[in-house]
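J.: The structure that follows is given in the form of structure tokens.
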Amino acid sequence: MEESLKGLAGSNSALELAQQLERVRQDLTQLRGQIEVVGNDIQMAAKRQRDMYVDLDTRLKRFEQQSAESPAPAAAQPGAAAASAPAAAGAAAATAAPASDTETRAYEAAQAQRKAGKYQGAIAGFRNFIAQYPKSPLAHRAQYWIGDSYYNLRDFKNAIASQQRLISGYPNSASVPDALLNIASAQAELGDAGGARKTLEKLVARYPASDAADKAKRRLAAIR
């Protein structure tokens, strides 16, 4: 009888162990599925980000070519006061003569750093470009890419400050809508949802026909 009880106890222990192992296997299977889902989400997010930057780079390159070939003067605002000296200088730079070969080479060298993912080098290159060619028609583009590079480095405070310098120094730049979009993205990353919403609303109100405004509208719809 005693031996039978011992055997029965051993069988129960083995059964419990087998059940525990089965539960562990089920948990592992579920975790693997969750890991695969997360991995796919990360890949899709990375692809969307790459596509966004390729699209942005293409649009800004088109703007740069248009600015260099046939820059259009900004329309005067009725009853507006005379522009301040920094704003006037920025507007003049944005509507200046086409960039020289030397300017273009310096600008493209900084762009090459950015496209290679060397954002610190890109920031230094674009800053040097602005210092050497402050009146270049590409100066406002360089300022935009400084902010964009900071954003890619996840230095969101400097990204915002750099884009704000673009907006205040080059108010007529075609990059202003994208600068506002970049500011909103940085604010969101910093957890300032209210500030991001206000920036997006400002972008839509001031530049309703821009591509950046279309993206801002989609983001606002998602937030609401």
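No value in this document is a laboratory result; all are computed from the given coordinates. Note that the structure is a prediction, hence the values are computed from the model and not measured. Cβ coordinates were reconstructed from backbone atoms using ideal geometry, including for glycine residues, and neighbour counts include every protein chain displayed.
J.: For an R0 of 35 angstrom, estimate the FRET efficiency from the Cβ-Cβ distance between E108 and K217 and round to the nearest 0.05.
T.: Details: r = 33 Å, r/R0 = 0.95.
According to the calculation, E is roughly 0.60.
J.: If you don't mind, there's one more thing I want to ask. Mind checking the full-extension length gain between A193 and D101? Use 0.36 nm per residue of separation minus the Cα-Cα distance, one decimal, nm.
T.: Result: 28.8 nm gained on full extension.
J.: Find how much the distance from Q20 to Q164 grows on full extension, using 0.36 nm per residue of separation minus their present alpha carbon separation; answer in nm with one decimal. It would help to have the intermediate numbers written out before the result.
T.: Values: separation 144, 0.36 × 144 = 51.84 nm, distance 5.95 nm.
The Q20-Q164 span can extend by a further 45.9 nm.
J.: Can you give me the long-range amide H partners of K135? Hydrogens built in the peptide plane at 1.01 Å from N, cutoff under 5 Å, separation of 5 or more residues or another chain.
T.: So K135 has HN proximity to no qualifying residue.
J.: Hey, with R₀ at 22 Å, roughly what FRET efficiency would N152 and R206 work out to, going by the Cβ-Cβ distance, to 0.05?
T.: Working: r = 25 Å, r/R0 = 1.15.
In this case the efficiency is close to 0.30.
J.: Karplus couplings for the stretch 214-221 from phi (6.51 cos²θ - 1.76 cosθ + 1.60, θ = phi - 60°), rounded to Hz, Gly and Pro as x?
T.: 4, 5, 4, 4, 5, 5, 4, 4
J.: Still on this structure, please answer the following. Any chance you could run the full-extension gain for I42 through D27? It's 0.36 nm times the residue separation minus the Cα-Cα distance, nm to one decimal. If you can, show how the numbers build up before the last one.
T.: Working: separation 15, 0.36 × 15 = 5.40 nm, distance 2.24 nm.
Contour length minus the Cα-Cα distance gives 3.2 nm.
J.: A follow-up question, please. Residues with amide H under 5 Å of D155's amide H, sequence separation 5 or more or different chain, H placed in the peptide plane at 1.01 Å from N; which?
T.: none
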